[in-house]
Amino acid sequence: MSIVTIRNVEFLNNPARFLDPYHFRVTFECIAALKEDLEWRLIYVASPGNAELDQELDDCLVGPVPIGVNAFEFEGSPPSTKDIPPEDVLGVAALILTGSYRDQEFVRVGYYQNTEYDNEEMKLTPPEKIQFDRLVRDISAKPRVTRFQIKWDVSAQSGTVSAAGAATSAAVPSANDLEG
């Protein structure tokens, strides 16, 4: 059982220009008081076959976290264009949001991001040199969520939580799937 569960991740500027910051709101539920802050990181994966090219765009600490439903807005820098191989700029990349407690990752939310030029002519005949100011990104509304059981240092209302090492994966609803 996880003490913290993501309820929704809403991108507030999607689609957007490639060079714009990522701006989103995370809503999560906490079922027990936490002694320390939660750490959230945003990672851009341009080349899935080469983890050395992954870029941590930003991170933030959220806390103290009260029991109940909580939300925060997160703004992450766009990826560094010089660190993306030219052949990996256009098309599909991945964007990953991770949540950790005491250096233990308890959730990973992955999105596909499609990057293309902002007009049909450039889409059909891309320029030889990438023109980043003409690129737009569109983040998929269907994330993939992987949850990891970690050792929480708190007790849930129904007992102590201390499982470690297992992972499960499932889709998380987007803001469009939830009725308000």
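The values are calculated or read from the model by the stated rules, or taken from the named source; none is laboratory data. The shown structure was predicted, so the numbers you read here are calculated from the model rather than taken from an experiment. FYI the Cβ positions are ideal-geometry reconstructions off the backbone, even for glycines, and counts take in every protein chain you see. Only protein heavy atoms, including side chains, enter the accessible area calculation; ligands, DNA and RNA are left aside. Shrake-Rupley method; radii C 1.70, N 1.55, O 1.52, S 1.80 Å.
So, residue 71, is that one touching a Gly at 6+ places or on another chain (Cβ under 8 Å) and at pLDDT 95 or above or not? Answer is no for this residue.
Selection of the stretch 14-32 for residues being open to solvent by less than 40 Å² (accessible area, probe 1.4 Å), out of contact with any Gly (no Cβ under 9 Å at 6 or more places or on another chain) and not aliphatic (A, V, I, L, M) yields 18, 27.
Summed over the stretch 1-21, the residues that are of a type in the set (Phe, Trp, Tyr) and closer than 17 Å to residue 142 by Cβ give a count of 1. Summed over the stretch 33-57, the residues that are open to solvent by 30 Å² or more (accessible area, probe 1.4 Å), touching a strand residue (DSSP E or B) at 6+ places or on another chain (Cβ under 9 Å) and closer than 18 Å to residue 104 by Cβ give a count of 5. Of all residues in the stretch 31-46, those that are under 23 Å from residue 87 (Cβ atoms) and touching a residue at least 12 places away in the same chain (Cβ under 8 Å) have Cβ atoms under 7 Å from Cβ atoms of residues that are surrounded by fewer than 18 Cβ atoms within 10 Å (Cβ to Cβ) and among the polar types (S, T, N, Q), 6 or more apart or on another chain, in 43/55; 44/55. In the stretch 62-77, is there at least one residue being out of contact with any strand residue (DSSP E or B) (no Cβ under 8 Å at 6 or more places or on another chain) and either open to solvent by 30 Å² or more (accessible area, probe 1.4 Å) or not in a strand (DSSP E or B) (or both)? Taking every residue of the stretch 62-77 in turn, at least one turns out to be out of contact with any strand residue (DSSP E or B) (no Cβ under 8 Å at 6 or more places or on another chain) and either open to solvent by 30 Å² or more (accessible area, probe 1.4 Å) or not in a strand (DSSP E or B) (or both).
Quick one: which of 109, 89 is farther than 30 Å from residue 153 by Cβ, buried (at least 16 other Cβ atoms within 10 Å of the Cβ) and at pLDDT 95 or above? Sole residue among the options that is farther than 30 Å from residue 153 by Cβ, buried (at least 16 other Cβ atoms within 10 Å of the Cβ) and at pLDDT 95 or above: 89.
In the set (1) touching a residue at least 24 places away in the same chain (Cβ under 8 Å); (2) more than 30 Å from residue 128 (Cα to Cα), residue 86 fails one condition alone, (2).
Applying a threshold of 6 Å to beta carbon distances and a minimum spacing of six or more residues, or different chains, the list of pairs starting in the stretch 137-152 at a residue that is closer than 19 Å to residue 7 by Cα and ending at one that is charged (D, E, K, R) and open to solvent by 10 Å² or more (accessible area, probe 1.4 Å) reads 146/108; 148/105. Among the residues of the stretch 121-143, is there at least one that is among the aromatic types (Phe, Trp, Tyr), surrounded by fewer than 18 Cβ atoms within 10 Å (Cβ to Cβ) and at pLDDT 95 or above? Yes, the stretch 121-143 contains a residue that is among the aromatic types (Phe, Trp, Tyr), surrounded by fewer than 18 Cβ atoms within 10 Å (Cβ to Cβ) and at pLDDT 95 or above. On inspection, residue 20 does not qualify as within 22 Å of residue 83 (Cβ to Cβ), acidic (Asp, Glu) and either at pLDDT below 95 or not in a loop (DSSP other than H, G, I, E, B) (or both).
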